[in-house]
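Report on one structure; see the data block that follows.
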Amino acid sequence: MIDLSVLLGSGLRLKNPVMTASGTFGYGREYEPYLELNKLGAVVTKGLSLLPKPGNEPPRIVETPCGMLNAIGLENIGVEAFLSDELPALKAAQATVVVNFFGETIDEYEELAEILDQETGIDALEINISCPNVKAGGLQFGTDPRMAASLVTAVRRRTSLPLITKLSPNVTDIISIAMAVEAAGSDCVSLINTLTGMAVDLQSRKPVLANITGGLSGPAIKPIALRMVHQVARNVNIPVIGIGGISSTNDALEFLLVGATAIQVGTCNFVNPAITAEIAAGIETFLHESSISHISDFIGSLQLA
């Protein structure tokens, strides 16, 4: 028997290291025709805000070489509708549920954390710290170590659920931010979120996206994500979840090799809605063929010399 289970902090054990990435898997039910949700390590929900959010004007998605740009604008149904309309189905599917959430102020993050903490069927929270902080003139929480730490400290006071902090790659030093949120009480970090990019139309001489810029994801960002995960994993003592361009078993294994305890699959869900289940099965096959009985013996086994 191969043991695929991984521990993300003290309170979250996954049956395998394969998770979905927020914003690419809806609220989970959308993918039930393609796979069994309870066979995944965890389902990470679309990001939630206190109130429903319409998102940006279209066009807000454009395909790029080896990836895509999105400027969805964090459209979502709001926390109340999620708890009443979506969470019961995830409970019924016996899925491990990680709720991604965001706010524009620390107060909003705190209120959301407190609401979610009171619900059964939620196994962990993922804090999206890549949102504009209105009170700080639009500066993102995720680009400043002190602001990131203050946000995590505030949220940590409002919930006993395991906390995952999702980090932005659009920074000079992602290690310092990872270390700051670790010191503030985050149980894990997940990285990377999308890279800022843009596309233009030569005929109209205008940006393709109505928002002008968007978040680049997909295979194009994998080398950057792999490097950042490697760096962060060597400098923090909490589990790291690797994200960025994972579209095959080998991609997932590379992130585990450089130190990720778990991985999240994002853009590839749009191409192959069953990819997460296929990757979980592929990891088990790889370990069996490599005579490795427990995945922990493979995680972080990269040889640098």
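Within segment 17-35, the set of residues being surrounded by fewer than 24 Cβ atoms within 10 Å (Cβ to Cβ) and either within 15 Å of Val240 (Cα to Cα) or of a type in the set (Lys, Arg) (or both) comprises just one member, Arg29.
Table: residues versus (1) over 26 Å from Asn211 (Cα atoms); (2) more than 18 Å from the chain's Cα centre (by Cα); (3) modelled with pLDDT of 95 or more.
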{"residue": "Gly28", "(1), (2), (3)": "yes, no, yes"}
{"residue": "Gly41", "(1), (2), (3)": "yes, no, yes"}
{"residue": "Lys53", "(1), (2), (3)": "no, yes, yes"}
{"residue": "Asn70", "(1), (2), (3)": "no, no, yes"}
{"residue": "Gln94", "(1), (2), (3)": "yes, yes, yes"}
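From the list Ile246, Ile241, the one residue that fits, being in contact with a strand residue (DSSP E or B) (Cβ under 7 Å, 6 or more places away or on another chain), within 23 Å of Leu7 (Cβ to Cβ) and touching a residue at least 40 places away in the same chain (Cβ under 8 Å), is Ile241.
Residues in segment 36-48 that are surrounded by 21 or more Cβ atoms within 10 Å (Cβ to Cβ) and farther than 9 Å from Val98 by Cβ: Leu37, Leu40, Gly41, Lys46, Gly47, Leu48.
With respect to Arg146, is the statement that it is surrounded by fewer than 23 Cβ atoms within 10 Å (Cβ to Cβ) and without any contact (Cβ under 8 Å) to a residue 12 or more places away in the chain true? It is false that Arg146 is surrounded by fewer than 23 Cβ atoms within 10 Å (Cβ to Cβ) and without any contact (Cβ under 8 Å) to a residue 12 or more places away in the chain.
Scanning segment 188-233 for residues that are farther than 17 Å from Thr20 by Cβ, buried (at least 16 other Cβ atoms within 10 Å of the Cβ) and among the small types (Gly, Ala, Ser) gives Gly197, Ala199, Gly214, Ala220, Ala233. Val181 passes every criterion in (1) in contact (Cβ under 8 Å) with a residue 24 or more places away in the chain; (2) farther than 20 Å from Leu4 by Cβ; (3) more than 16 Å from the chain's Cα centre (by Cα) apart from (3). Among all residues of segment 99-109, there is none that is of a type in the set (Gly, Ala, Ser) and either surrounded by fewer than 19 Cβ atoms within 10 Å (Cβ to Cβ) or touching a residue at least 60 places away in the same chain (Cβ under 8 Å) (or both). Determine whether Ser186 is touching a strand residue (DSSP E or B) at 6+ places or on another chain (Cβ under 7 Å) and in a loop (DSSP other than H, G, I, E, B). For Ser186, the condition - touching a strand residue (DSSP E or B) at 6+ places or on another chain (Cβ under 7 Å) and in a loop (DSSP other than H, G, I, E, B) - is met.
Within segment 59-100, the set of residues being within 27 Å of Pro162 (Cβ to Cβ) and assigned to a loop (DSSP other than H, G, I, E, B) comprises Ile72, Leu74, Glu75, Ile77, Gly78, Ala93, Gln94, Ala95, Thr96.
When you check Asp297 against the structure, is it touching a strand residue (DSSP E or B) at 6+ places or on another chain (Cβ under 8 Å), of a type in the set (D, E, K, R) and over 22 Å from Lys46 (Cα atoms), yes or no? The answer is no for Asp297.
In this structure, Phe286 does satisfy being part of a helix (DSSP H, G or I), at pLDDT 95 or above and more than 22 Å from Gly26 (Cα to Cα).
The number of residues in segment 25-51 that are at negative phi, part of a loop (DSSP other than H, G, I, E, B) and in contact with a strand residue (DSSP E or B) (Cβ under 7 Å, 6 or more places away or on another chain) comes to 7. Scanning segment 1-24 for residues that are in a loop (DSSP other than H, G, I, E, B) and out of contact with any Pro (no Cβ under 9 Å at 6 or more places or on another chain) gives Met1, Ile2, Lys15, Asn16, Pro17, Ala21, Ser22, Gly23, Thr24.
Do any residues in segment 291-304 that are surrounded by 15 or more Cβ atoms within 10 Å (Cβ to Cβ) have Cβ atoms under 7 Å from those of residues that are modelled with pLDDT under 95 and part of a strand (DSSP E or B), where the two are at least six apart or on different chains, and which pairs are they? Final answer for the pair search is none. Considered as a group, the residues in segment 261-279 that are of a type in the set (Val, Ile, Thr) and in a loop (DSSP other than H, G, I, E, B) include one that is surrounded by the fewest Cβ atoms within 10 Å (Cβ to Cβ), and that residue is Thr261.
The values are calculated or read from the model by the stated rules, or taken from the named source; none is laboratory data. Not measured: the values here are computed from a predicted model. Cβ: placed from backbone, ideal geometry, glycine included. Neighbour counts: every protein chain shown.
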